[in-house]
1. Does segment 356-397 come out rounded, prolate or oblate by the C-alpha gyration tensor, with a ≥ b ≥ c the root eigenvalues, rounded set by a/c under 1.5 and, if not, prolate when a/b is larger than b/c and oblate if not?
2. Residue by residue, what Karplus-based ³J(HN,Hα) values in Hz, rounded to whole numbers, does segment 292-308 have, using 6.51, -1.76 and 1.60 with θ = phi - 60° and x for Gly and Pro?
3. Given points 7 Å out from each Cα along the Cα-Cβ axis, report the T191 to S424 separation in nanometres with one decimal.
4. Evaluate the distance, in nm, between pseudo-label points positioned 7 Å from the Cα of L407 and of S34 along their respective Cα→Cβ axes.
5. Give the long-range amide H neighbours of K84: residues separated by 5 or more places, or on another chain, with amide H under 5 Å away, using H modelled in the peptide plane at 1.01 Å from N.
6. Per the Cauchy relation, a quarter of the hull surface: what is the mean projected area of the convex hull of the alpha carbons in segment 30-90, in nm²?
7. Assuming a ≥ b ≥ c are the square roots of the Cα gyration tensor eigenvalues, decide whether segment 70-182 counts as rounded (a/c under 1.5), prolate (otherwise, with a/b larger than b/c) or oblate.
8. Is segment 261-404 best put as rounded, prolate or oblate by its Cα gyration tensor, with a ≥ b ≥ c the root eigenvalues, rounded for a/c under 1.5, and otherwise prolate when a/b is larger than b/c, oblate when not?
Amino acid sequence: MRKTVSRRQFLQNGSIAAAGFWIGASNAFGKGKSANEKLNIAVIGTANRAAANISGVKEENIVALCDIDDQFLSAAAAKFPEAKTYNDFRKLLEQKNIDAVVVSTPDHTHAVATAAVLKSGRHVYCEKPLAHSVYEAREIQKLAAKNKKLATQMGTQIHAENNYRRVVELIQSGAIGSVHEVHVWCQKSRTAVTPTDKPPVPPNIHWDLWLGPAPARPYHSAYHPKTWRAWWDFGGGTLGDMACHYMDLPFWALKLRHPLTIEAEGPPVQKDVVPPWIIVHYEFPSADSSQKIKVTWYDGGKKPKLVSEGKAPAWDNGVLFVGERGMLIAEYHRHQLLPETQFKDFKAPEPFIPNSIGHHKEWIQACKTGSATTCNFDYAGTLSEAVLLGNVAYRTGKKLEWDAAALKVKNAVEAEQFLRREYSKGWSL
């Protein structure tokens, strides 16, 4: 690939964007580091999902660690004794020798941390979804566009697996013809009851820092660690947790961007906690705007009628592409053309999307050499926006007509309250 290919041209070519490297790229991003030198990496969040991300970058120099839980922080520091430790990521960013930062906090602090990293001039890897609100996702996308020399990557690790590449090749080569609908489902379910008791804050937890920009509420172990996704103030339920992984596949294969309409169904809306299940109906324009593509999300055990009718296997999790000449069902590590009898002699196309060097390695290489990442914040921001709009539609209770350019719902002013939120004092993008 020649260096003269523009970033937009690169992203628009799905097969090229999957490559995960830019042959002959200059050392534009790495602050003077060669591909063989190690980056100085800081990590915000050290346990659970964060621990997996640390494992993905541990071959570089881990020079700073941050966590609001002193026990988690101490355990990580024992593995990286040379790293400086912090409870507040804003203090961490004052450390001068940091090249790149991994953000693995709960969703409600993704955007404030990621924005601060970008503004400090460091490369950044952020867990999915990219933000807690639609507005935040757009702002992070805009910040990344202003800082094009910084390597960005969202933590949709499955994007780097070979199975997803083979599915994209099948769809883009026309194996099932033109695709007009996609069904995406995830078995997971999340809901909760807000606790009323007020236990003391454990001495190892810095509760105000955990809350960050979210509204104040008393500490409770129901929120930290891991279970925070069930509250709107902190997460987005199963949709917010898993849709960036599963909807990533139709976004990539069909080159989707912004939905035109979004409508959701589920149990009665609760002000504080997420529902145990939700179904979201999206309508997207095709990449060439010649047709509309329906994408439906299901969680909490709900599945499409095609499954109950026996036309598709009842996998716990799945992405089902419905085309003019057949169907394709996929999940993380397998895929199948349907009906099987129709495709028994089918020969898959020769692979044209190079296998990834690894999701974290792709980002590290980009930091050092200026190569491309496949889940950069332009792609990831748009995917996150669409995912988060599903929760906006559910909480609003209307079929939303989306104006992506203006970042507004055209037919429901009441949706505005769910597109963005006011931050607690002392916090901002």
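The values are calculated or read from the model by the stated rules, or taken from the named source; none is laboratory data. The structure displayed is predicted, hence computed values, not measured ones. Backbone-built Cβ (ideal geometry, glycine too); neighbour counts: all protein chains shown. Areas reflect the complete protein model, heavy atoms only, side chains present, ligands, DNA and RNA absent. Shrake-Rupley method; radii C 1.70, N 1.55, O 1.52, S 1.80 Å.
1. On the way: a/c = 5.31, a/b = 3.60, b/c = 1.47.
It is prolate, given that a/c is not under 1.5 and a/b is the larger ratio.
2. Once rounded to whole Hz, the list reads 9, 10, 8, 10, 10, 9, 9, 9, x, x, 6, 9, x, 4, 4, 6, 5.
3. 2.7
4. Placing both labels 7 Å along Cα→Cβ, they lie 4.3 nm apart.
5. Residues meeting the amide H criterion: A64, L65.
6. Numbers: hull surface 17.5 nm².
Projected area, direction-averaged: 4.4 nm².
7. On the way: a/c = 2.47, a/b = 1.88, b/c = 1.32.
Note, shape of segment 70-182 comes out prolate.
8. Oblate is the answer for segment 261-404, as a/c is 1.5 or above yet b/c matches or exceeds a/b.
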